[in-house]
1. I need F56, F254, F61 ordered by Cβ neighbour count within 10 Å, fewest first.
2. Within the set of other residues whose C-beta is less than 14 Å from the C-beta of A174, count the net charge using Lys and Arg as +1 and Asp and Glu as -1.
3. Pulled fully out, how much extra length does the chain show between E139 and S122, if you take 0.36 nm times their separation in residues and subtract their Cα-Cα distance?
4. For R85 and A161, what is the calculated FRET efficiency with R₀ set at 25 Å and r taken between the beta-carbons, to the nearest 0.05?
5. Which lysines have a Cα less than 16 Å from the Cα of K77, not counting those fewer than 8 places away in the same chain?
6. Once you have the Cα-Cα distance between T53 and E105, take 0.36 nm times their residue separation minus that, and quote the gain in nm to one decimal.
7. Which order results if D64, D197 are arranged by neighbouring Cβ count within 10 Å, fewest first?
8. Averaged over every viewing direction, what's the projected area of the C-alpha convex hull for region 34-98? Give it in nm², one decimal, please.
Amino acid sequence: MSLPKLILVAGLVLAANAGAQTLPAPASSPSTAGTMVIVPANGEVRHANDQATVVFAVEEFDKDKAAAASRVNRKMKEGTEIVRRADPKAELKTQGYYTYPVYPEPPVPMPASRTPVKPVPSGWRVGQYLEVKTTNLAELPKTAAAAQKVLQINGINFGLAPATEKMLDDQRIAATYRNLNERIVSIARAMGRQPADAVLDTVDFEGTGNYGGDRSEKMMMRAAAPASADAAAEPSFEPGETTLQMRLVGKVKFK
């Protein structure tokens, strides 16, 4: 090969080597060692409701306040005794005794020059409530029907007995912690790490406030219509179920 050709080949080789040296190196994955990861987890358990809270009421109207109060007292005592006989293990609590005047419809407005007349009540409305808590749901319709001979059902709420709620709380905590472990495994694999490389640093069971859902023990107190003395047909109740939820937050650090 002639000298000019050798020089040309050598120049091409040197140019190729120089170009190869200027190419960027392939990017490597960022290191996850020491990374702190915040992991939220959720748990949920369900159970059929096994406790009912029934609010009975009695209300009377009379021109004589004492007469109205007397009938309320008699009916409440009779209704309480009926419930106690029908469901001896039920928890009873009387509450919300009220008395207020009832005025007639306002008359035609008087001229401003006339002296206003103080309104006189046309009668008095007196009432009282009886709260009944029971776990005897099988006999609840019969108990309610018996009490309705003298009392009116004002409201009913189904929920969980304290022992059942305690049992479910244990299950709810276990389900939430199990979900945390499952999510840590998934996150570790997504990051290209082994689950064993994840070290649980902190678990916060109180990070989201109220975990009890929308379960409310409060009931609306409304004026009840006078109860009939006739026997009432048994009402139908569907206790339903309660769902308990929990959310926790865990802090995981990778080795």
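Throughout, read-outs are computed from the coordinates displayed, never taken from laboratory work. Just so it is clear, the model here is predicted, and its values are computed rather than measured. Virtual Cβ from ideal backbone geometry, glycine too; neighbours counted across all protein chains shown.
1. Least crowded to most crowded, the residues run F61, F254, F56.
2. Value of the local net charge: -1.
3. Values: separation 17, 0.36 × 17 = 6.12 nm, distance 4.19 nm.
Between E139 and S122, full extension yields an extra 1.9 nm.
4. On the way: r = 22 Å, r/R0 = 0.89.
About 0.65, to the nearest 0.05.
5. K93, K149
6. Extra length from T53 to E105 when fully extended: 15.0 nm.
7. Values: D64 10, D197 15.
Ascending number of Cβ neighbours within 10 Å: D64, D197.
8. Working: hull surface 37.1 nm².
Its average projected convex-hull area is 9.3 nm².
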